[in-house]
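The next block holds one structure in the form of structure tokens; read it before the comments.
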Amino acid sequence: MSPPDPPPLLHMRGIVKQFPGVRALDGVDLQVRRGEVHCLLGQNGAGKSTLIKVLSGAHRPDAGEILIDGRPVRLPTPDAAMKAGIATIYQELDLVDGLSVAENLFLGHERARCGFLRRAETDRAARDLLTRLGHPEISPTCEAGRLSPAEQQVVSMARALTRNARVLVMDEPSAALAHDEVDNLFRIIREMTAAGVAVIYISHRLEEIRRIGDRVTVLKDGRTAAAGLPADDTPTERLISLMTGRDVEYVFPPRPARPADGPEVLRVEGLTLPGRFADISFSVRAGEIVGLAGLVGAGRSEILETIYGRRRPSSGRVLLEGRPVRPGSTETAVRLGMGLAPEERKSQALLLDQSVTANITLAALPRYASAGWLDRRRERAAALEQIAALDIRPADPRRPVRTLSGGNQQKVVLARWLVQGRRLLLLDEPTRGVDVGARAELYALIRRLADDGVAVLLVSSEVPEVLGLADRVLVIREGRLVHQAPAVELDEHRVLNLIMEGSAA
């Protein structure tokens, strides 16, 4: 008789977590083996974040149990979770910017003697860890805040190793990384799993799940919809169906039969920002969606920020409906009818601890004031109108924005501008960190806005998204506009060639 299979390294069984009015987790099961990459999928609001907060000790479950090597453990605090060998790297990295790399690695378990930090030993240990992860160029004495997002990700992984982590949870680790940086991330993950570390990998990018994942567990509405599916050959259609409860594909709303022939809303002439982009010229018409395609760092976001007035160009000009926009003036841009949904919505667009109402009406407060007093009833009515129009869920105007899913947070950002009747919307990575079902809703919303006459200029790192949503595509390479054409005349292969090589071969 063959010996029984060893228990999974981690088993979360029947996990329940209740918040006031919301059952976030309703009996979730998750089993993770040693040395595997176990991917956790689900729409925003499915319970993924709550589950990993239970595992990391940030939340206490109301029912269920957690077992490591088959033995029940209690994880009442983050420190208890770390002592149990569980490390979590959140999407918003929690490094301390003002401390050195070495100090961040050993924060909370410093190498000290008689109350004094042993700096030389700490720096040496940090250097050894970074070299082990393939990044000897990262200096242990460099301030963490000076590192690139990819380097900060490496430091966070190294910090997990200082705790001898057996289970590493990674929440959207590739969200801010370029393509080659993702390759390096995957290399490091595979080295860690080869050493027996189990990795729980959370991502909305199904192509990443195929590349790095071994098995997949899907959550829906706080429950386990499927557990332990093979990552490499489970059909995409099935994964999406499990996440949404219905058959959904990456379907974009239909384009108008004819190109937009409305009046010109935006004209950009010879716009240049040294070191970022040069001699950019194009236009966007009312009812048209224009997409900017290019690599991270090619200058796409900087073009949007310069049009909006966050950056001051060295030359060129921006006109909105024929009126010049004063360079470097966001006030002028807003007054003339622009709105920007930035790439980093949490840090650049939202007041996370404020209500949905406060975030929606933030840029239009004078509309709801009389004699210096804010009319809360009118303000709330305006917010409720946008909540209904954009189907923001939950439909609670008093709810803190921090508690909403990524897709609904993005809708709140759009609602802020729609409440004022914008003529031009600048959307930077509008579906970043948004699940498949919510993406479809955002696509439909953006198309509906264009159909209502709004001019839309969007940036996306996903070429299929640009091709599927935009009417016309501008390809940016190394800060230059190298090609523009109707989306129907392009395909992914041609755009990638333009992005990578500057040619459409």
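The values are calculated or read from the model by the stated rules, or taken from the named source; none is laboratory data. As the structure is a computational prediction, the values presented were derived from the model and not from experiment. We place every Cβ from the backbone using ideal geometry, glycine too, and count neighbours over all the protein chains shown.
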G42 versus (1) within 18 Å of the chain's Cα centre (by Cα); (2) within 24 Å of A125 (Cβ to Cβ): which is the lone unmet condition?
(2)
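A quick yes/no check of all residues on (1) over 18 Å from P342 (Cα atoms); (2) crowded, with 20+ Cβ neighbours inside 10 Å; (3) among the polar types (S, T, N, Q):
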{"residue": "A389", "(1), (2), (3)": "yes, no, no"}
{"residue": "R398", "(1), (2), (3)": "yes, no, no"}
{"residue": "G406", "(1), (2), (3)": "no, yes, no"}
{"residue": "K411", "(1), (2), (3)": "no, yes, no"}
{"residue": "L414", "(1), (2), (3)": "no, yes, no"}
{"residue": "W417", "(1), (2), (3)": "no, yes, no"}
{"residue": "R423", "(1), (2), (3)": "no, no, no"}
{"residue": "L426", "(1), (2), (3)": "no, yes, no"}
Inter-residue pairs, beta-carbon under 6 Å, first of a type in the set (K, R) and in segment 137-160, second in a helix (DSSP H, G or I), 6+ apart:
R159/L105
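Please verify whether G196 is assigned to a loop (DSSP other than H, G, I, E, B), surrounded by fewer than 18 Cβ atoms within 10 Å (Cβ to Cβ) and either modelled with pLDDT of 80 or more or in the same structural domain as E103 (by TED's automatic domain parsing) (or both), treating the condition exactly as stated.
Spelling it out, G196 is indeed assigned to a loop (DSSP other than H, G, I, E, B), surrounded by fewer than 18 Cβ atoms within 10 Å (Cβ to Cβ) and either modelled with pLDDT of 80 or more or in the same structural domain as E103 (by TED's automatic domain parsing) (or both).
Listed here are the residues, each with its yes/no results for (1) modelled with pLDDT of 85 or more; (2) out of contact with any Ser or Thr (no Cβ under 8 Å at 6 or more places or on another chain).
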residue: V154; (1), (2): no, yes
residue: P173; (1), (2): no, no
residue: H179; (1), (2): no, yes
residue: K220; (1), (2): yes, no
residue: T236; (1), (2): no, yes
residue: L239; (1), (2): no, yes
If we keep just the residues of segment 145-156 that are surrounded by fewer than 22 Cβ atoms within 10 Å (Cβ to Cβ) and more than 18 Å from the chain's Cα centre (by Cα), which is farthest from Y90 (Cα to Cα)?
R146
Select from segment 252-302 the residues that are among the β-branched types (V, I, T) and in contact with a Ser or Thr (Cβ under 7 Å, 6 or more places away or on another chain) and list them in ascending order.
V268, T272, V296
For segment 301-333, how many residues are aliphatic (A, V, I, L, M) and without any contact (Cβ under 8 Å) to a residue 40 or more places away in the chain?
2
Note on segment 435-481: residues within 20 Å of the chain's Cα centre (by Cα) and either in the same structural domain as V412 (by TED's automatic domain parsing) or assigned to a strand (DSSP E or B) (or both) are L457, L458, V459
Residue ID - modelled with the lowest pLDDT, chosen from residues in segment 77-106 that are under 22 Å from L10 (Cβ atoms) and small (G, A, S)
A87
Scanning segment 395-429 residue by residue, those assigned to a loop (DSSP other than H, G, I, E, B) and acidic (D, E) turn out to be D396, E429
Quick one: which residue in R432, R494 is among the charged types (D, E, K, R) and assigned to a helix (DSSP H, G or I)?
R494
Evaluation of S315 against (1) at pLDDT 95 or above; (2) surrounded by 14 or more Cβ atoms within 10 Å (Cβ to Cβ) (one fails), failing number
(2)
Scanning segment 197-220 for residues that are farther than 17 Å from R33 by Cβ and in contact with a Phe, Trp or Tyr (Cβ under 7 Å, 6 or more places away or on another chain) gives R211
Filter segment 107-133 for residues that are in contact with a Phe, Trp or Tyr (Cβ under 7 Å, 6 or more places away or on another chain) and either farther than 21 Å from D97 by Cβ or at pLDDT below 70 (or both) and give the result.
none
The lone condition L340 fails out of (1) modelled with pLDDT under 95; (2) not in a strand (DSSP E or B) is (2)
Collect the residues in segment 361-377 that are assigned to a loop (DSSP other than H, G, I, E, B) and at pLDDT below 85, keeping them in residue-number order.
A371, G372
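For (1) assigned to a loop (DSSP other than H, G, I, E, B); (2) charged (D, E, K, R); (3) surrounded by fewer than 22 Cβ atoms within 10 Å (Cβ to Cβ); (4) outside the structural domain of D26 (by TED's automatic domain parsing), each residue gets a yes or a no:
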| residue | (1), (2), (3), (4) |
| --- | --- |
| S139 | yes, no, yes, no |
| V169 | no, no, no, no |
| V182 | no, no, yes, no |
| I188 | no, no, yes, no |
| I200 | no, no, no, no |
| G228 | no, no, yes, no |
| E237 | no, yes, yes, no |
